[in-house]
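The values are calculated or read from the model by the stated rules, or taken from the named source; none is laboratory data. The structure displayed is predicted, hence computed values, not measured ones. All Cβ positions, glycine included, derive from the backbone under ideal geometry; neighbour counts span all protein chains shown.
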Amino acid sequence: MRREALPSFYVQFECDMDAARTPIRRVIAFLETCGFDFNERGAWEVAIQEGVNNAILHCKLAKNGSSHPVAIEVMVRPDYVEVLVQDHTQGFCWPVSPSLPSSNSEDGRGVYMIHQLMDDSDYLRGTHSNRLLLRKNRKLTQAFNAEEKKWQERIQTLEGQLDESDKSLDSMQEELFSCYESLSAIFQFGTELGKLDDINSFADRLLQQLITIMGANCYLFRTCDEKKRLIHTYSRSSANLNMPPLGWGPGESQHFLEPLSIVNRKDVLRDTNLEKLDPADPVNAFNAKYIQVHPIIIGEELIGVLSVGASESDEPFTSAQTNVMHTFADFLALQLINISRQEERIKFGKISKELEIAHNIQNSLLPSHWPEMEGFTLAGECITSRNVSGDFFDVIHHESDPNKVLLVIADVMGKGVPASIFAAIFRSLVRSSTELFERPAELMEKLNRSMFEDLSGVDMFITAQIAYCDLGKRVMRISNAGHCPLLLSARNETLPIKTHSPEGLPLGVMKNPEFEELETGIPRECRVLMYTDGIVETTTQMVGNELLGQKRLVRWFKDARCIDQKASGFQASLKDHLRVNSGDQLKDDQTFILLVENG
Amino acid sequence: MEFESTSDRIVITGIKELTATNAGSVKDDVRSRIRPEHEVLDIDMSEVRILDSSGLGLLISLHKVMCQQNGLVRIKNPTPIVEQVLELTRLHRLLEITRQ
């Protein structure tokens with residue numbers, strides 16, 4: 001490359017002030033041609049003048065100096081200017097840090113002015129010649145260069161931005177087109193939703209449309225079973241992609257693309273030319289160049305995983321194509337969720353209906369009418385907190401003696417369907433054990449023997465109380481299996497309230513426990529109450545929304561016993577006492593039996 | 001260089017430069033024209049394209065002369081380079097600079 005010559009100027013003149021004037025002006029004129037402005041030229045003229053002044057002053061002082069000329073050499077560089085003033089005098093000492101003389105001094109300011117006006121100055125004192133070197137940076141050029149550089153950078157930035165804008169516009173155009181396609185397709189499929197009767201074929205058609213839009217060849221959509229950590233093939237583009245279930249839990253092949261995307265909960269992209277897949281990875285069946293796998297997550301719920309493969313494309317999927325894939329996947333997932341919820345609703349409706357039937361059956365197993373007993377009345381009720389209950393009561397009359405009656409009450413641990421099944425079994429066993437009618441403890445032992453295996457197998461138990469009453473002989477035999485005590489009293493206020501709770505473990509706790517049998521007399525105008533724990537553990541309005549509790553129940557019993565009323569009257573009074581706040585859900589089943597002798 | 005003199009003031013105009021080249025002759029010329037009754041010496045420096053240390057020496061010399069007769073030197077309308085030199089050497093504090 002040819003280097004362009006830098007501007008320079010040289011002049012020499014006689015060592016005389018008058019002779020120096022014109023050469024100095026020529027130097028300044030030269031600087032003007034190099035683009036120096038008025039102020040810069042003024043500073044240079046003063047500095048050169050001072051340099052020449054010194055040269056001529058010392059030339060005059062020198063004995064032999066007058067015969068040698070003074071020379072000025074100028075070199076203009078892009079970023080600075082250098083001027084050399086050369087004389088052949090004896091020279092002088094150049095002060096390192098020149099300072100101003102007193103303000104009244106008429107000389108001694110020359111070197112100081114050079115120092116102030118120039119960026120750099122140096123005086124090389126030699127044997128035969130001296131050189132004063134003046135240097136000043138080109139402010140104008142610097143500024144111009146800086147400005148030029150700034151503009152060049154600005155232009156480069158703008159060009160870069162323009163390129164980026166072009167790319168963005170291309171990308172936006174592509175994305176817009178893809179969005180249009182996907183929206184159009186989704187609207188088209190959306191119209192089918194109302195008449196959707198086969199979600200599988202809907203998924204097939206939707207995903208076929210997706211791979212057409214994406215320029216892909218194949219897809220595989222699998223749904224997730226999060227409990228078992230398995231994915232099951234739901235829809236695929238061809239029959240050969242009907243893959244068996246694939247696990248994605250610990251110890252499974254989590255490096256396969258589908259498990260990988262599920263575990264990391266993000267898309268997985270593969271260029272199979274650059275990164276070979278595990279030969280056992282199911283998506284190998286795509287035989288595709290580019291594969292994208294997308295985990296479908298709605299809210300926090302993992303719905304499935306969609307894999308798409310392109311074998312004929314020269315480029316990976318674009319962001320617009322990826323967006324379309326995500327949109328379609330989410331759309332399909334929402335339809336699956338909707339259908340699943342619809343199915344759940346239908347299923348729930350069926351269960352509700354079945355529970356209602358169960359409730360009716362269970363009610364039919366409870367005593368529906370009370371037999372006539374001379375001087376005695378009976379009442380009982382099972383108030384359930386759910387459709388079906390684990391509470392149970394029964395009143396069984398002796399086949400031949402109307403004065404003998406067996407009162408049975410039981411509470412199966414837990415509530416709902418499982419408890420109700422055991423309650424039904426309990427009833428059947430009691431009803432089929434008429435031979436033990438008058439021996440409640442033995443009956444209880446038989447019940448435990450019969451139900452122990454089943455109850456302990458599911459970690460359940462039953463509390464129960466059986467009271468055999470011979471109203472003719474006025475005697476009562478009671479057996480208890482971990483149940484609430486029986487309350488016994490009479491209308492006569494002087495008689496105490498007795499609570500009978502003979503020893504006995506709940507049924508299903510021990511294989512062969514012993515049950516105590518307690519015999520007691522039945523007083524005149526007796527009042528008998530048998531109840532489940534739901535009665536005392538209820539929160540009732542009558543006692544300021546506090547638990548009713550055993551003591552309060554006994555107090556009610558003590559107050560109520562004095563009233564001459566039938567069992568149904570006591571029943572109404574007790575129910576009123578148990579009344580809960582209207583907004584409160586009953587927390588436990590409430591069951592009771594009342595036996596009352598009327599005067 | 002031109003001189004204009006009144007009873008109390010003397011005005012110098014038309015100076016193109018004040019350097020070592022002409023400082024001596026200008027000094028002699030001006031001093032010869034200052035009379036005891038002159039209170040102000042106005043030096044018009046609007047056309048001065050260069051002022052060097054010798055020129056400064058001249059101005060200080062004239063300042064001393066005027067001070068001796070209780071007068072003063074005023075630098076009128078200095079060019080930028082003259083003003084820069086006066087400021088660099090802090091003589092703008094000594095000599096009164098006026099602009100019209």
State yes or no: is A:GLU106 at the interface with chain B (Cβ under 9 Å from one of its Cβ atoms) and closer than 29 Å to B:HIS92 by Cβ?
yes
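Could you say which residue among A:LEU355, A:LEU407 is part of a strand (DSSP E or B) and either over 52 Å from the mean Cα position of the chain (by Cα) or over 24 Å from A:ASP204 (Cβ atoms) (or both)? Outline the logic, then answer.
On the way: A:LEU355 fails: part of a strand (DSSP E or B).
When all the criteria are applied, what remains is A:LEU407.
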In this structure, does B:VAL73 turn out to be of a type outside the set (S, T, N, Q) and in a strand (DSSP E or B)?
yes
Residues in the stretch A:1-32 that are more than 18 Å from A:VAL85 (Cβ to Cβ) and either at pLDDT 90 or above or out of contact with any strand residue (DSSP E or B) (no Cβ under 9 Å at 6 or more places or on another chain) (or both): how many?
6
Could you grab me the full set of residues in the stretch B:44-64 that are in contact (Cβ under 8 Å) with a residue 12 or more places away in the chain and among the basic types (Lys, Arg)?
B:ARG49
Condition broken by A:GLU258, with the remaining ones in (1) over 26 Å from the mean Cα position of the chain (by Cα); (2) among the charged types (D, E, K, R); (3) crowded, with 21+ Cβ neighbours inside 10 Å satisfied:
(1)
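Among the residues in the stretch A:536-548, are any of a type in the set (Val, Ile, Thr), touching a residue at least 60 places away in the same chain (Cβ under 8 Å) and under 26 Å from A:GLY390 (Cα atoms)? Full working, then the answer.
Within the stretch A:536-548, the subset of a type in the set (Val, Ile, Thr) is A:536, A:538-540, A:543.
This time we only want the ones that are touching a residue at least 60 places away in the same chain (Cβ under 8 Å), so: none.
Taking every residue of the stretch A:536-548 in turn, none turns out to be of a type in the set (Val, Ile, Thr), touching a residue at least 60 places away in the same chain (Cβ under 8 Å) and under 26 Å from A:GLY390 (Cα atoms).
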Counted residues, the stretch B:62-80 - those being at the interface with chain A (Cβ under 9 Å from one of its Cβ atoms) and surrounded by fewer than 17 Cβ atoms within 10 Å (Cβ to Cβ)
2
Within the stretch A:331-346, track down each residue that is out of contact with any Leu (no Cβ under 8 Å at 6 or more places or on another chain) and buried (at least 17 other Cβ atoms within 10 Å of the Cβ).
A:ALA333, A:LEU336
Of the conditions (1) part of a helix (DSSP H, G or I); (2) surrounded by fewer than 19 Cβ atoms within 10 Å (Cβ to Cβ); (3) away from chain B (no Cβ under 14 Å); (4) modelled with pLDDT under 75, A:LYS60 fails just one. Which one is it?
(3)
Of everything in the stretch B:1-27, what is part of a loop (DSSP other than H, G, I, E, B) and aliphatic (A, V, I, L, M)? Give them in sequence order.
B:MET1, B:ILE15, B:ALA20
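Return the residues of the stretch B:81-97 that are assigned to a helix (DSSP H, G or I), surrounded by fewer than 19 Cβ atoms within 10 Å (Cβ to Cβ) and facing chain A (nearest Cβ under 9 Å); say none if nothing qualifies.
If we filter the stretch B:81-97 for residues that are assigned to a helix (DSSP H, G or I), which is where we start, we get B:81-88, B:91-93.
Of the ones still in play, those that are also surrounded by fewer than 19 Cβ atoms within 10 Å (Cβ to Cβ) are B:83, B:87, B:92-93.
Correct list: B:ARG93 only.
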Which of the residues belonging to the stretch A:287-298 are touching a helix residue (DSSP H, G or I) at 6+ places or on another chain (Cβ under 9 Å) and not β-branched (Val, Ile, Thr)?
A:GLN292, A:HIS294, A:PRO295
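Identify all residues within the stretch A:504-528 that are surrounded by 15 or more Cβ atoms within 10 Å (Cβ to Cβ), under 57 Å from the mean Cα position of the chain (by Cα) and part of a loop (DSSP other than H, G, I, E, B); write none if there are none. It would help to see each step written out before you state the result.
Start the filter on the stretch A:504-528 by keeping residues that are surrounded by 15 or more Cβ atoms within 10 Å (Cβ to Cβ), which leaves A:504-509, A:513, A:515, A:517-518, A:520, A:522-523, A:525-528.
From what is left, the residues that are under 57 Å from the mean Cα position of the chain (by Cα) are A:504-509, A:513, A:515.
A:GLY504, A:LEU505, A:PRO506, A:GLY508, A:VAL509, A:PRO513, A:PHE515 - these are the residues of the stretch A:504-528 that are surrounded by 15 or more Cβ atoms within 10 Å (Cβ to Cβ), under 57 Å from the mean Cα position of the chain (by Cα) and part of a loop (DSSP other than H, G, I, E, B).
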